[in-house]
Amino acid sequence: MEFRLLGSVALVTEDGEVALGPAKRSTLLAMLLLRPNGAVNVQQLIDALWEEEPPTHAKTVLQGHVSRLRALLAEHGSEAYGVELATQGSAYVLRIPESLVDAHRFEELVSLAGVQRQPADAVRMLREALSYWQGPALTGTVHSRPIDAAAGGLEELRLGSVEALAEAYGALGEHARAAAVLRTEAVAHPLRESLAAALMLALGRSGRQSDAIDWYHRTRRLLAEELGVDPGETLSEAYATLLRSAGPVTVPRPAAPAADPAAAPAAVPVPE
C-alpha cells in the first residue's frame, strides 16, 4: 500500500489504484496525508473541501467522506500496513508510516542529496526523488486556498530539487546535461529568475555563450512586460559572470598589403 500526492492524489495497492470517488474525498485524503500522524481539525478540512462558502450541512458531508474513506482503507488491508484513520476530538488524524507517502520519500531523498560530498551521489538521489513526480501535485482535488497553497509549496520543492540537480551536474562538469534539465523548467516558469540564471550559466559553460545572453535578454523583457520590474540580483550577477567569461571582443585589423615588385614605380633616371 502506498499513497501519492505528487501527481494525482491516489491510494495504490498491489492490485492497482483504488477509486477514491469524488474530488472532495481525494481532497480529504490529501489534507490528511499532508500532515501524517497530525491532527487536522474539522474547520481546516471544511475550508479545503469547498472552494467557496461551505453549505450549512458541510460538517455532515465531511463526516460522510470520512466514513467512506475509512471503509476504503479497511477494505484494502490498511491495518496490516499500520494505517488508521482515527477521530481525535474535533479533528481527524491519519496514523501512517510516513514512508508510505511519496511526498515524504521525495523530501527525504532531497535532504539526503544536500549533504552528499560526491556530486555523483547527489545526482543519483535527486534523480530518484524527481522520479516520484507524476504530474502537478494534488491533481484531482478541489481548488481551494489550502489545497492550492500546499500544491504550490510542493512545486517549489520540486523546482528547488531541479536546480540542485543541475548544480550537481555542473560540479561533474556535465554542463550540457545541466542546461537540458533546466531548460524545460525555465520555459514552464519564465519569470523564475533563479532558473533563468542557472540556465544561462549552464549554457555559457557548455560553450553556448550566445544562447545564454539571448536567454538573459528574453527574461529581462518578460520581467518588464509582465511584472514591470528589472532583473534582480541573481539574474544580474549571472549576466555579469557571462560577460566576464566572454572576455573583451577584439576585431583584428586588416594586415598591410605586401609590396608587389611588379607594381613598384619605375626608377626615375638621374641625369648625368
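So that you can scan it fast, the table gives a plain yes or no per residue for (1) among the polar types (S, T, N, Q); (2) more than 21 Å from Ala150 (Cβ to Cβ); (3) touching a residue at least 24 places away in the same chain (Cβ under 8 Å):
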residue	(1), (2), (3)
Val40	no, no, yes
His57	no, yes, no
Ala71	no, yes, no
Gly77	no, yes, yes
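Filtering segment 89-117 to residues that are farther than 21 Å from Trp133 by Cα, touching a helix residue (DSSP H, G or I) at 6+ places or on another chain (Cβ under 7 Å), in contact (Cβ under 8 Å) with a residue 40 or more places away in the chain and not aromatic (Phe, Trp, Tyr) leaves Ser90, Ala91, Leu94.
Within segment 83-92, is even one residue touching a strand residue (DSSP E or B) at 6+ places or on another chain (Cβ under 9 Å), outside any helix (DSSP H, G or I) and among the aromatic types (Phe, Trp, Tyr)? Looking through segment 83-92, at least one residue is touching a strand residue (DSSP E or B) at 6+ places or on another chain (Cβ under 9 Å), outside any helix (DSSP H, G or I) and among the aromatic types (Phe, Trp, Tyr). Would you check if there is a residue in segment 17-33 being of a type outside the set (Asp, Glu) and more than 28 Å from Gly135 (Cα to Cα)? The answer is no; no qualifying residue exists.
Counted as qualifying within segment 134-206 are the helices (runs of 4 or more DSSP H) with 2 or more residues that are surrounded by fewer than 17 Cβ atoms within 10 Å (Cβ to Cβ), namely 145-171, 175-188. The number of residues in segment 221-245 that are basic (Lys, Arg) and at pLDDT 95 or above comes to 1. What do you reckon, is Ala129 in a helix (DSSP H, G or I), crowded, with 18+ Cβ neighbours inside 10 Å, under 19 Å from the mean Cα position of the chain (by Cα) and touching a residue at least 12 places away in the same chain (Cβ under 8 Å)? Answer is yes for this residue.
The values are calculated or read from the model by the stated rules, or taken from the named source; none is laboratory data. Nothing here was measured: the structure is a model prediction, and the numbers come from that model. A quick note on method: Cβ atoms are made from the backbone with ideal geometry, for glycine too, and the neighbour counts reach across all protein chains shown.
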